[in-house]
Amino acid sequence: MVSKKDILEGLGEVGLLAGDTVIVHSSLSSFGKVEGGAETVVDALLEVLGPGGTLVVPTFSWSVWSGEKPFDPQETPSSVGKITEAVRKRPDALRSLHPTHSVAAIGRLAEVITQGHEKVHAVGRGSPFFKLLQANGKILQLGTDQASNSMIHLAEELAGAPYVDRSREVKVRNAPGKVVKQLIRAPGCGSGFVAIDSLLHGEEAITETLIGKCRARLMSARAVIDAATEALKFDSSALLCDRPNCERCAEARAIILATGMEQQDQEVVDLAKDEERTLRIIERKFDGGEVRYFETDENGSSPN
Ligand SMILES: [Zn+2]
């Protein structure tokens with residue numbers, strides 16, 4: 001049985017500090033049994049962070065994503081684990097208003113991190129993930145891996161990966177209680193994000209420890225963004241997965257291919273324009289009489 005003391009010790013070992021701003025991706029079952037369940041994990045996190053720190057968790061909503069239900073910030077549960085749902089339900093937690101990729105936050109920067117999420121892309125500039133990066137935030141994985149590291153979606157946005165602009169229609173319950181349709185930019189598949197580990201390990205950017213059976217891993221948002229954008233700069237498909245049945249990644253690869261062909265087409269057009277311009281310059285020179293190669297001399301023979 002894992003106790004609060006075990007969790008506090010583990011969080012200390014992994015390097016979480018008082019005053020940190022941290023997003024926690026988690027799996028409660030990865031610990032084995034925890035005395036007091038998800039609430040104990042949340043208590044331990046808040047105790048380590050202290051009043052100057054900020055705890056952020058994803059409270060993504062797959063029932064909204066699938067179109068099954070409208071997003072209601074008060075009612076829609078988090079689909080990404082018991083620990084995130086426990087944070088969302090705390091009286092002092094604030095939840096951002098993005099219909100599918102909301103986060104809940106407690107602490108010093110909770111308000112600034114959650115506000116305005118409904119006005120920007122789920123994982124783009126101005127989103128809570130972007131603000132975490134700006135706040136020099138950390139990413140803590142409790143029994144999860146890079147596949148659920150949403151910060152890597154921000155890297156796709158920042159690097160301008162050709163496939164980020166794909167949209168999906170979802171339903172939202174607005175303030176007067178009316179259900180309205182909304183078009184959102186839909187982040188892609190994260191299964192290929194595990195490729196980031198080898199790049200990060202190389203820089204010794206991840207600290208790890210075991211808490212019960214849970215593998216806890218801490219890294220800085222900046223290190224993840226740098227590694228991911230670098231990988232994308234080299235190859236736009238670097239973070240896509242290889243699962244044969246993944247439609248999202250197959251679609252992304254098709255977009256990359258089409259974008260590449262468009263770019264090549266544009267290069268051909270530009271080249272043709274250049275050639276045309278060169279021809280016109282030559283023509284003008286002929287008109288101006290600067291070039292006299294075709295004039296014959298007095299004897300009627302051609303010049304040398
Ligand atoms: Zn995929």
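Which condition number in (1) over 22 Å from residue 80 (Cβ atoms); (2) surrounded by fewer than 17 Cβ atoms within 10 Å (Cβ to Cβ); (3) among the small types (Gly, Ala, Ser) is the one that residue 147 fails?
Failed condition: (1).
Let's see how each residue does on (1) part of a loop (DSSP other than H, G, I, E, B); (2) within 20 Å of residue 128 (Cβ to Cβ):
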| residue | (1), (2) |
| --- | --- |
| 5 | no, no |
| 11 | no, no |
| 25 | no, yes |
| 39 | no, no |
| 44 | no, no |
| 52 | yes, yes |
| 69 | yes, no |
| 76 | yes, yes |
| 79 | yes, yes |
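Looking at the range 203-225 only, could you name the residues that are over 23 Å from residue 132 (Cα atoms) and either surrounded by 17 or more Cβ atoms within 10 Å (Cβ to Cβ) or out of contact with any Gly (no Cβ under 9 Å at 6 or more places or on another chain) (or both)?
Listed by number, the residues that qualify are 211, 212, 214.
Is there a residue in the range 121-138 that is basic (Lys, Arg) and within 16 Å of the ligand (Cβ to nearest atom)?
Checked against the condition, which is being basic (Lys, Arg) and within 16 Å of the ligand (Cβ to nearest atom), the range 121-138 yields no hits at all.
State whether the residues of the range 89-103 include one that is in a helix (DSSP H, G or I) and in contact with a strand residue (DSSP E or B) (Cβ under 8 Å, 6 or more places away or on another chain).
No, the range 89-103 contains no residue that is in a helix (DSSP H, G or I) and in contact with a strand residue (DSSP E or B) (Cβ under 8 Å, 6 or more places away or on another chain).
Out of the range 110-130, which residues are assigned to a helix (DSSP H, G or I) and over 12 Å from the mean Cα position of the chain (by Cα)?
Answer for the range 110-130, where residues must be assigned to a helix (DSSP H, G or I) and over 12 Å from the mean Cα position of the chain (by Cα): 110, 111, 112, 113, 114, 117, 118, 119.
How many of the residues in the range 188-205 are in contact (Cβ under 8 Å) with a residue 40 or more places away in the chain and among the charged types (D, E, K, R)?
Total meeting the criteria: 1.
For residue 81, indicate whether it is over 20 Å from the mean Cα position of the chain (by Cα) and touching a residue at least 24 places away in the same chain (Cβ under 8 Å). Outline the logic, then answer.
Numbers: over 20 Å from the mean Cα position of the chain (by Cα): no; touching a residue at least 24 places away in the same chain (Cβ under 8 Å): yes.
Taking the combined requirement at face value, the residue does not satisfy it.
Pairs, please: C-beta under 6 Å, at least 6 apart or cross-chain, first residue in a loop (DSSP other than H, G, I, E, B) and in the range 157-185, second charged (D, E, K, R) and surrounded by 11 or more Cβ atoms within 10 Å (Cβ to Cβ)?
Within 6 Å, the pairs are 164/156; 164/157.
Residues being without any contact (Cβ under 8 Å) to a residue 40 or more places away in the chain and more than 19 Å from residue 215 (Cβ to Cβ): count how many of those fall in the range 30-46.
Here the count works out to 3.
Residue check, residue 200 against (1) out of contact with any Cys (no Cβ under 8 Å at 6 or more places or on another chain); (2) within 16 Å of the ligand (Cβ to nearest atom); (3) not basic (Lys, Arg), all met but one. Which one?
Among (1) out of contact with any Cys (no Cβ under 8 Å at 6 or more places or on another chain); (2) within 16 Å of the ligand (Cβ to nearest atom); (3) not basic (Lys, Arg), the lone unmet condition for residue 200 is (2).
Among the residues of the range 158-197, which ones are within 16 Å of the ligand (Cβ to nearest atom) and of a type in the set (Ser, Thr, Tyr)?
Once the filter is applied, which keeps residues that are within 16 Å of the ligand (Cβ to nearest atom) and of a type in the set (Ser, Thr, Tyr), the range 158-197 yields 163, 191.
Would you tally the residues in the range 226-260 being among the hydrophobic types (A, V, I, L, M, F, W, C), surrounded by 10 or more Cβ atoms within 10 Å (Cβ to Cβ) and part of a helix (DSSP H, G or I)?
12
Can you find, within the range 54-67, the residue that is surrounded by the most Cβ atoms within 10 Å (Cβ to Cβ) among those that are touching a residue at least 40 places away in the same chain (Cβ under 8 Å) and not in a loop (DSSP other than H, G, I, E, B)?
56
It is to be established whether one or more residues within the range 188-202 are surrounded by 19 or more Cβ atoms within 10 Å (Cβ to Cβ) and more than 28 Å from residue 65 (Cα to Cα).
Scanning the range 188-202 turns up at least one residue that is surrounded by 19 or more Cβ atoms within 10 Å (Cβ to Cβ) and more than 28 Å from residue 65 (Cα to Cα).
Just for the range 206-253: of the residues that are away from the ligand (no atom under 16 Å from the Cβ) and free of Cβ contacts under 8 Å to residues at least 12 places away in the same chain, which one is farthest from residue 21 (Cα to Cα)?
In this case the residue turns out to be 234.
Bear in mind that the values in this text are calculations on the coordinates, not laboratory data. Not measured: the values here are computed from a predicted model. Note that we place each Cβ from the backbone using ideal geometry, even for glycine, and neighbour counts take in every protein chain shown.
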